Amino acid sequence: MSPLSRVFAVVAVLASLFPAPVLATAVATVEAVQAPAWRDRNGITVPLATGMELRSGDVLRTGPGARAYVMLAEGSRVKLGEAAQLGIHTRSLRPEKFFRGALDILTGPFRFTTARLKKTLPRELAIRVGTATIGIRGTDLWGRTDKDGDLVALLEGRIEITRAGQTTELAQPLTYYDAPRGQDAAVKVLDPEVFRKLARQTEILVGDGASRSDGKWRVLAGSAAGEEAALELYDRVRDAGFAARVKPRAAEGGGWRYEVLLAGFASADEAAVAAARLTAATGLKPSVVR
């Protein structure tokens, strides 16, 4: 068994023997979300939201046209593209001090970047991409796994990739490991223009309609005069992968009116893009509010 495979094996055994510990620090935190996206935990699914703290065993999923940024406690950032699934596994009690665990890319595109100021932070981290397992040494890489196979591109640093008992080291930037399903893998040169197109699959740009923790603009999905109707609307929006919340407001003439809101957009334009995505997913006719 290779050292990288051993990391996954140790994590899996510990997970089966012991319940998840109560961590002093979250394993990871969600930085930005271009909905729809979800978090699965212990059989319960909720929409992914900015500021959400993640635990070992959580699985993140992104929907059509979606993106998500996740900051690991040890300082590395993971970017997910559309139709991606990521599993996070660790038994580190202080993951911000020493992270021992694994990231499991179940499907879709991703990018992993280690914070430059934390390259020397102790870690035992492996990333599994389909049939390949990657050892991390302070680096920047982009990868994808789908029905056609696995691809891992090195942008900076060094990585070791283990597949079918064979280990390959990538140390030259803009090279990639191409492993078509059912075929031998090969190391190839990555054209910069091709990479720019690949990178767009995991990047959130201005105008994409993503939510962030410091955004001041909101999307009003709808409102209702009664609690039951408001909760039905709330569930409809959240089931579609949008992190909504209910805010009661005093109604004219007495009583209350309940607003279902999406928050965290940096501008009215960003909120408008998110509103259009919500309409496409639910048929609702939301509006943008400050």
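Laboratory data are not the source of any read-out in this text; all were calculated from the coordinates shown. Bear in mind the structure is a predicted one, so any value in this text is a computation, not a measurement. With ideal geometry, Cβ positions are generated from the backbone for all residues, glycine too; neighbour counts draw on all protein chains shown.
If you take the square roots of the eigenvalues of the alpha-carbon gyration tensor of the range 86-218 and sort them as a ≥ b ≥ c, do you get rounded (a/c under 1.5), prolate (a/b over b/c) or oblate?
Cα axes put the range 86-218 in the oblate bin.
Could you give P(r) for the range 211-289, binned at 10 Å from zero, as whole percent values over all Cα-Cα pairs?
21, 51, 26, 3
Specify the angular offset, from 0 to 90 degrees and rounded to the nearest 10, of the alpha carbon long axis of helix 3-17 from the longest principal axis of the alpha carbons in the chain.
For helix 3-17, the angle is close to 50 degrees.
From the cross-link list Lys197/Lys247; Lys147/Lys197; Lys147/Lys285, which pairs have alpha carbons spaced over 30 Å apart?
Lys197/Lys247; Lys147/Lys285
Taking the mean number of other Cβ atoms within 10 Å as a proxy for protection, how do you rank 261-267, 168-174, 124-130 from highest to lowest?
Listed from highest to lowest mean packing, they are 124-130, 261-267, 168-174.
Hey, what do the phi angles of the range 207-218 turn into as Karplus ³J(HN,Hα) couplings, whole Hz, using 6.51/-1.76/1.60 and θ = phi - 60°, x for Gly and Pro?
Rounded to whole hertz, the list is x, 7, x, 8, 9, 9, 5, 9, x, 9, 8, 9.
Just need the relative contact order of the chain here, percent rounded to a whole number, with Cα pairs under 8 Å and 6+ apart.
15
Cut-off is 10 Å between beta-carbons; in what order do Thr133, Thr107 appear when sorted fewest neighbours first?
If I rank by nearby Cβ atoms, fewest first, I get Thr107, Thr133.
Which value in deg cm²/dmol, rounded to the nearest 500, describes the helix-derived mean residue ellipticity at 222 nm for the chain, given -39,500 (n - 2.57) per DSSP H run of n ≥ 4 and division by the residue count?
The helix contribution divided over the chain gives -5500 deg cm²/dmol.
Explain nothing, just the number: relative contact order of the range 211-289, from Cα pairs under 8 Å at least 6 residues apart, as a whole percent.
It rounds to 45 percent for the range 211-289.
Rounded to whole Hz and in sequence order, give me ³J(HN,Hα) for the range 145-157 from the Karplus expression 6.51 cos²θ - 1.76 cosθ + 1.60, θ = phi - 60°, writing x for Gly and Pro.
Each residue's phi maps through the Karplus curve to give 9, 7, 5, 8, x, 10, 9, 10, 10, 8, 9, 7, x Hz.
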